[in-house]
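Data block below; observations after.
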Amino acid sequence: MTTQVALVEYDQTTDAEVKAVYDDIIANLGFGMVPNLFKSMGHHAGFLRAHWTKFSSVILHGALPRTLKEMIGVAISQRNHSDYALKVHLHGLSALGISEEVLRTLVEDFDHCPLPMRDKAAIQFGVKAATAPHELTRADFEHLSAIGLESEEIYEILATANLFTSVNQYTDAIRLEIDKL
């Protein structure tokens with residue numbers, strides 16, 4: 001499978017705005033590189049900036065841990081059969097210290113995944129928000145509140161679901177190649 005758009009490498013661009021975003025990604029994402037997702041957007045500085053701002057605001061900031069938001073993204077990507085985000089975020093979670101057992105059961109046997117009930121409920125809610133938003137009920141929201149999630153955290157789950165729905169659609173449409181990690 002070949003990516004449908006050319007990736008813009010850091011040393012290939014002369015656009016100062018693209019370089020500035022790439023520098024921000026390298027400095028803040030924590031992996032010392034620019035993922036293919038953002039390289040594919042390097043042809044248009046405004047598009048790249050908007051998507052990096054959304055990604056970093058949702059994933060890198062907020063009340064919920066980054067690892068939980070990335071697990072929500074993995075589960076959504078798996079449900080959507082979207083390989084790019086699934087594989088890249090599994091690798092990222094591993095690099096962030098999540099055990100192989102948790103990662104394996106997250107995708108192969110969720111019912112037996114050794115995560116706290118609160119985290120599993122957040123992941124399930126995120127998947128439902130991403131794949132069947134019209135089926136969310138007041139009871140779904142009340143359940144999260146009853147197990148201790150604050151309104152801000154519930155909003156972050158919804159924002160994560162929205163982000164990964166968009167990422168899955170975009171990366172699938174352009175057949176984005178998995179980063180060489």
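Things to note:
- Simple spin-label estimate for M33 and A173 gives 2.6 nm between the two label positions (7 Å along the Cα-to-Cβ direction from each Cα).
- Using only side-chain charges placed at the Cβ, +1 for Lys and Arg and -1 for Asp and Glu, the dipole size of region 66-173 relative to its Cα centre rounds to 120 debye.
- Gyration tensor verdict on region 66-173 (Cα atoms; rounded if a/c is under 1.5, prolate if a/b is larger than b/c, oblate otherwise): oblate
- Scattering curve values for the chain, log₁₀ I(q)/I(0), Debye with Cα scatterers, q = 0.10, 0.14, 0.18, 0.19 Å⁻¹: -0.40, -0.76, -1.20, -1.31
- Furthest towards positive pole of dipole, A122, T13, L29, structure part the chain, Cβ charges: T13
- At an R0 of 22 angstrom, the distance between the Cβ atoms of E17 and S56 translates into a FRET efficiency of 0.90.
- Built amide H within the under 5 Å cut-off of T3, gap 5+: E177
- Ellipticity estimate at 222 nm from DSSP helix runs (n ≥ 4, -39,500 (n - 2.57)) divided over the chain, nearest 500: -19500 deg cm²/dmol
- Under 18 Å from K54, Cα to Cα: lysines that are on another chain or at least 8 residues apart: K19, K39, K69
None of the figures in this text is laboratory data; all of them are computed from the coordinates on show. As the structure is a prediction and not an experimental result, all values here were calculated from the model. Backbone-built Cβ (ideal geometry, glycine too); neighbour counts: all protein chains shown.
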